[in-house]
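Below is one structure, written out as structure tokens, with a few remarks after it.
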Amino acid sequence: MTTIKLHNTRTRTKEDFVPISADNVRMYVCGPTVYDRAHLGNARPVVVFDVLYRLLRHTYGADHVTYVRNFTDVDDKINATALARQQAGAEGTLEQLVQERSDETIGWYLHDMGALGALEPNEMPRATQYIAQMIAMIEALIAKGHAYAAEGHVLFAVDSWKEHYGELSGRSVDDMIAGARVEVAPYKKNPMDFVLWKPSTDELPGWDSPWGRGRPGWHIECSAMSYELLGESFDIHGGGNDLMFPHHENEIAQSKCAHPHGEFAKVWLHNEMLQVEGKKMSKSLGNFFTVHDLLEQGVPGEVIRFVFLQTHYRKPMDWTEKKANDAIKTLRHWYNQTLDVDAAIEPDSEVIQCLSNDLNTSGAITRLHELSAQKELGTLKSSLNFLGIDLSRAIEWGLPSASDSVIAHYADRLVLARKLAMQSKDFSEVDRLKAAYLAAGLEVRMSKDGVELVPGAGFDAAKLEEV
Ligand code: AMP
Ligand code: ZN
């Protein structure tokens with residue numbers, strides 16, 4: 001079994017991955033807040049952790065991995081969309097409209113991420129399904145002196161965990177207070193104390209609790225859902241590095257204080273951010289777009305995924321149109337090469353080795369280029385499938401295939417070259433074209449009536465593009 005090495009944010013080193021139980025390797029990844037379509041940046045953690053999920057399944061067996069990714073369906077932004085709809089005349093209570101918005105967004109999300117070749121996690125809990133467990137966890141934190149109720153709110157007392165708070169992100173509480181934009185509230189004992197529970201209005205979603213009608217804070221959701229589905233100690237916790245502080249720091253504080261005998265997450269993995277054409281994605285710069293937008297424009301999901309995989313997850317990645325176009329050319333070439341080839345049973349062992357080295361996806365892609373050059377096409381195909389890139393739909397991308405019109409175009413070029421050669425008596429261009437067509441797997445039949453090009457078994461339309 002290949003040893004998987006992963007860079008653990010907690011220890012800041014690349015470590016050999018040793019699961020708590022090889023029978024059930026457990027991973028939790030923070031999922032989206034479901035108020036709107038996923039933008040391209042949101043798709044990065046999905047693809048990164050999908051590759052890790054596939055690698056874990058390959059290494060430990062598909063039935064021995066549990067991947068949980070939540071949906072945050074309690075949030076001011078979801079409430080705001082529901083309110084806007086109600087004001088625009090939509091029927092139903094605010095609570096119903098909130099639910100509608102969440103359901104709709106989850107449907108979009110699963111569709112768009114599926115188009116990127118992401119497998120669905122084993123469990124996709126929604127925060128609203130785990131409110132009772134969150135309340136129980138908050139009560140336990142109060143009972144242990146780690147949290148306190150004040151004015152309808154419950155706050156986590158950071159001072160009760162002061163020695164450890166900040167360990168993941170490498171900051172001390174004092175540094176954090178100095179540098180952070182914390183919400184100052186009169187009921188907070190320490191300005192860093194964060195919300196576990198807060199009041200809700202009568203119209204907005206809310207739940208009865210010992211502290212009155214209200215709703216959970218964001219951080220407690222992940223602590224409660226990971227505990228319920230994976231237990232007090234599990235193997236991997238992932239998310240974007242924008243979540244490291246305060247979200248992950250707060251998850252650790254809550255979970256370790258509520259379950260002091262547990263380890264919570266052993267390994268923390270964080271993906272770097274995605275930019276667009278060298279700039280942070282933002283609505284004001286006009287470079288903000290969703291995965292759906294790209295798919296609608298005809299950029300295939302496989303191409304988006306392939307571009308993502310070219311950058312290591314711990315490096316910032318830049319989405320550019322050029323990368324997307326280059327990816328189409330490469331995948332088109334591999335599609336033509338593997339069209340009539342059966343996939344090998346196993347993916348290439350060097351591809352697996354690259355991925356096992358802290359998810360070196362760019363190294364894996366370099367290896368795919370080698371497999372293509374060495375004509376190890378069955379293995380190329382199985383390795384592409386393993387990486388979540390299924391080229392079987394590539395025919396729908398508007399690729400130049402062995403279609404008559406494409407071949408007719410190249411035949412016309414040869415007819416023209418021959419005509420010019422008859423005049424100049426220089427046949428070098430004719431010879432060059434003939435050699436190139438042969439190399440692309442076309443049989444060249446020339447007669448005085450014209451030119452006929454017949455694709456053979458090894459025909460590769462991509463090679464014609466360079467002619
Ligand atoms: P949110 O719905 O904002 O909580 O984000 C969902 C996920 O997308 C989190 O794991 C974020 O870290 C991640 N994310 C958001 N923006 C980007 C970005 N520009 N690049 C990479 N990941 C991002
Ligand atoms: Zn989380």
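The values are calculated or read from the model by the stated rules, or taken from the named source; none is laboratory data. Owing to the predicted nature of the structure, the values given are computational and were not obtained by experimental measurement. Neighbour counts are summed over all protein chains in view; Cβ atoms, including those assigned to glycine, are modelled from backbone coordinates with ideal geometry. Calculation scope for accessible area: heavy atoms of the full protein, side chains included, ligands and nucleic acids excluded. Shrake-Rupley method; radii C 1.70, N 1.55, O 1.52, S 1.80 Å.
Between Ala132 and Tyr187, what's the calculated FRET efficiency when r is the beta-carbon distance and R0 is 30 Å? Round to 0.05.
It comes out at approximately 0.75.
Using only the alpha carbons, work out the radius of gyration and Dmax of the chain in angstrom.
Cα-based Rg and Dmax for the chain come out at 27.6, 97 Å.
Solvent-accessible area per residue for the chain at a 1.4 Å probe radius, Å²?
46 Å²
Ignoring ligands, DNA and RNA, what percent of the 1.4 Å accessible area of the chain is carbon and sulfur? Present the calculation step by step, with values, prior to reporting the outcome.
Values: 10570 of 21260 Å².
Carbon plus sulfur share of accessible area: 50 percent.
At 222 nm, what value in deg cm²/dmol follows for the chain if DSSP H runs of at least 4 each add -39500 (n - 2.57) and the sum is divided by all its residues, to the nearest 500?
Using -39500 (n - 2.57) per qualifying helix, the result is -13000 deg cm²/dmol.
Just add up the charged neighbours of Glu120: K/R +1, D/E -1, any other residue whose Cβ is under 15 Å from the Cβ of Glu120.
Here the charged neighbours net out to +1.
To the nearest 10 degrees, how steeply does helix 94-115 sit against the main Cα axis of the chain, on a 0 to 90 scale?
For helix 94-115, the angle is close to 30 degrees.
Working from Cα positions, state the angle (0 to 90°, nearest 10) between the long axis of helix 249-258 and the longest principal axis of the chain.
Computed tilt is about 50 degrees.
If you add up the charges near Ile20, with Lys and Arg at +1 and Asp and Glu at -1, over every other residue whose beta carbon is less than 10 angstrom from its beta carbon, what do you get?
-1
Among the listed pairs Lys375/Lys448; Lys5/Lys463; Lys198/Lys283; Lys14/Lys323, give every one whose C-alpha distance is greater than 32 Å.
On the way: Lys375/Lys448 37 Å; Lys5/Lys463 38 Å; Lys198/Lys283 30 Å; Lys14/Lys323 29 Å.
Table pairs above 32 Å Cα-Cα are Lys375/Lys448; Lys5/Lys463.
Which whole-number percent gives the relative contact order of the chain, counting Cα pairs below 8 Å spaced six or more residues apart?
Relative contact order, the chain: 16 percent.
Relative contact order, percent, of segment 75-151 when contacts are C-alpha pairs under 8 Å separated by at least 6 residues?
Taking the mean separation of contacting Cα pairs over the length of segment 75-151, I get 17 percent.
Set Lys and Arg Cβ to +1 and Asp and Glu Cβ to -1, take the dipole of the chain about its Cα centre, and tell me which of Val267, Thr9, Ser160 lies farthest positive.
Result: Thr9, furthest along the dipole toward the positive end.
Hey, can you grab everything whose amide H is under 5 Å from the amide H of Lys266? Only 5+ residues off in sequence or another chain; H modelled, so Pro and N-termini drop out.
Here the answer is Phe234, Asp235, Ile236, since their amide H atoms fall under 5 Å of that of Lys266.
On C-alpha positions alone, give me the angle between the axis of helix 377-386 and the longest principal axis of the chain, in degrees, nearest 10.
The answer is roughly 20 degrees.
Report the label-to-label distance for His64 and Thr366 in nanometres (one decimal), using points 7 Å from each Cα along the Cα→Cβ vector.
With each label point 7 Å from Cα toward Cβ, the separation is 3.0 nm.
Please figure out what share of the DSSP beta bridges in segment 5-271 is antiparallel and state it in percent, rounded to the nearest 5.
Working: 15 of 33 bridges.
Close to 45 percent.
Once the whole set of protein chains is in place, how much accessible area is left on His219, using a 1.4 Å probe, in Å² to the nearest 10?
Probe radius 1.4 Å; accessible area of His219 about 20 Å².
Can you give the local net charge around His153? Use residues other than it whose beta-carbon is closer than 13 angstrom to its beta-carbon, Lys and Arg +1, Asp and Glu -1.
Value of the local net charge: +2.
Take the Cβ-Cβ distance between Gln87 and Ile395 as r, set R0 to 51 Å, and report the resulting FRET efficiency rounded to the nearest 0.05.
For Gln87 and Ile395, the calculated efficiency is 0.65.
Using the Cα centre of the chain as the reference point, and only Cβ charges (+1 on K/R, -1 on D/E), how large is the resulting charge dipole? Debye, rounded to the nearest 20.
So the dipole magnitude of the chain works out to roughly 1160 debye.
If a/c stays under 1.5 just call it rounded; otherwise compare a/b with b/c (prolate if a/b is bigger, oblate if not). Do that for segment 120-174, with a ≥ b ≥ c from the square roots of the Cα gyration tensor eigenvalues.
In terms of gyration-tensor shape, oblate.
Once both labels are modelled 7 Å past Cα along the beta-carbon direction, what's the Lys425-Arg57 spacing in nm?
My value for the distance between the label points is 6.8 nm.
Take every Cα pair under 8 Å in segment 5-271 that's 6+ residues apart, average their separations, divide by the length, and report that relative contact order as a whole percent.
RCO, segment 5-271: 24 percent.
In the chain, what % of DSSP beta bridges are antiparallel (nearest 5)?
50 percent
Place the peptides 97-106, 322-331 in order of packing, highest mean first, counting for every residue the other Cβ atoms within 10 Å and averaging per peptide.
97-106, 322-331
For Glu151, Glu443, Glu15, give the ranking by accessible area with the largest first, probe 1.4 Å.
Glu151, Glu443, Glu15
Which residues' amide hydrogens lie under 5 Å from the amide hydrogen of Glu15, considering only partners 5 or more residues apart or on another chain, with H built in the peptide plane?
Counting only residues 5 or more places away or on other chains, the set is Leu6, His7, Asn8.
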